[in-house]
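The values are calculated or read from the model by the stated rules, or taken from the named source; none is laboratory data. Bear in mind the structure is a predicted one, so any value in this text is a computation, not a measurement. For neighbour counting, all protein chains shown are included, and Cβ atoms are generated from backbone atoms with ideal geometry for every residue, glycine included. Ligands, DNA and RNA are excluded from the accessible area calculation, which covers all protein heavy atoms including side chains. Shrake-Rupley method; radii C 1.70, N 1.55, O 1.52, S 1.80 Å.
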Amino acid sequence: MDTHAIGEGESVMKTLPNQTASESAPSKANIITKPQIYLAGKIGKGDWRHALIPGLRERTWSDGPIITPTYQYVGPFFVSCDHGCLHYPNSHGAIGREDCCESTITQQQVIESNNAVLTKADLVFAYITATDCHGTLCEIGYALALRKRIVVTFAPDIDAADFWFSALQCHAVYHAVRPCCLQTIVADEIRKATTPTRGRRRAPC
């Protein structure tokens, strides 16, 4: 992706040889902003995002984005529990219950946190692995209203025809995508995130 992302991202300042601190102050000419990426999709035990985002397992909303060499991961964040007790229906992987791991986050806080980072995101990338991904569809709709770049990928066992209303409004759609293909697709979509071309594509593997 080009480096003029509009999100409030991490800035990397280039200092030329023999520059003083004052001479290397931030300016439009020497600041590169990494694009902000939101990975939408159902959250579950052994979540697919862990293979893409180093350090996600230990991260929470309060820690802020995860900085990678090419982009910032801005959400969602969820509690990684070895016995999966925070991955029950309607929990978003973060809302606790009395009989297991404690979590103080509420459903309203999940909504507010998600919407806040969706507002900043330069790319909303969704991986559809189940047909009851109601929250994901809401996130896509919210991103559409914000005129964000949206890419939707479907797992091999998902009939994309059921998602035509959302898919036809997105910038790119990939079918029959296995988890091993996601890293390549995400990297490719980040590179061309400013390209307005819409189209349907199959997974690269």
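Residue-wise test of (1) at pLDDT 90 or above; (2) at positive phi.
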| position | (1), (2) |
| --- | --- |
| Ile6 | no, no |
| Ser22 | no, no |
| Ala51 | yes, no |
| Gly55 | yes, yes |
| Pro76 | yes, no |
Q: State all residues of segment 158-174 that are open to solvent by less than 20 Å² (accessible area, probe 1.4 Å) and under 16 Å from Leu123 (Cβ atoms); if no residue qualifies, say none.
A: Cys170, Ala172, Val173, Tyr174
Q) Considering segment 127-138 alone, what residues qualify as being closer than 15 Å to Gln169 by Cα and open to solvent by less than 20 Å² (accessible area, probe 1.4 Å)? A) Thr136
Q.
Looking only at segment 135-171, count every residue that is among the small types (Gly, Ala, Ser) and assigned to a loop (DSSP other than H, G, I, E, B) and tell me the total.
A. 1
Q. Limited to segment 175-205, what total is found for residues that are open to solvent by less than 40 Å² (accessible area, probe 1.4 Å), more than 18 Å from the chain's Cα centre (by Cα) and modelled with pLDDT of 95 or more?
A. 1
(Q) Condition first: surrounded by fewer than 17 Cβ atoms within 10 Å (Cβ to Cβ) and in a helix (DSSP H, G or I). Now tell me which residues in segment 49-73 satisfy that. (A) His50, Ala51, Arg57, Glu58, Ser62, Asp63
Q.
Against the definition (aliphatic (A, V, I, L, M), open to solvent by less than 80 Å² (accessible area, probe 1.4 Å) and closer than 20 Å to Asp63 by Cβ), how does Val124 come out, yes or no?
A. no
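Go through segment 165-190 and report how many residues are among the β-branched types (Val, Ile, Thr) and over 24 Å from Lys34 (Cβ atoms).
Pass one, segment 165-190, residues among the β-branched types (Val, Ile, Thr): 173, 177, 184-186, 190.
Checking the rest, the ones that are also over 24 Å from Lys34 (Cβ atoms) come to 173, 177.
So the answer is 2.
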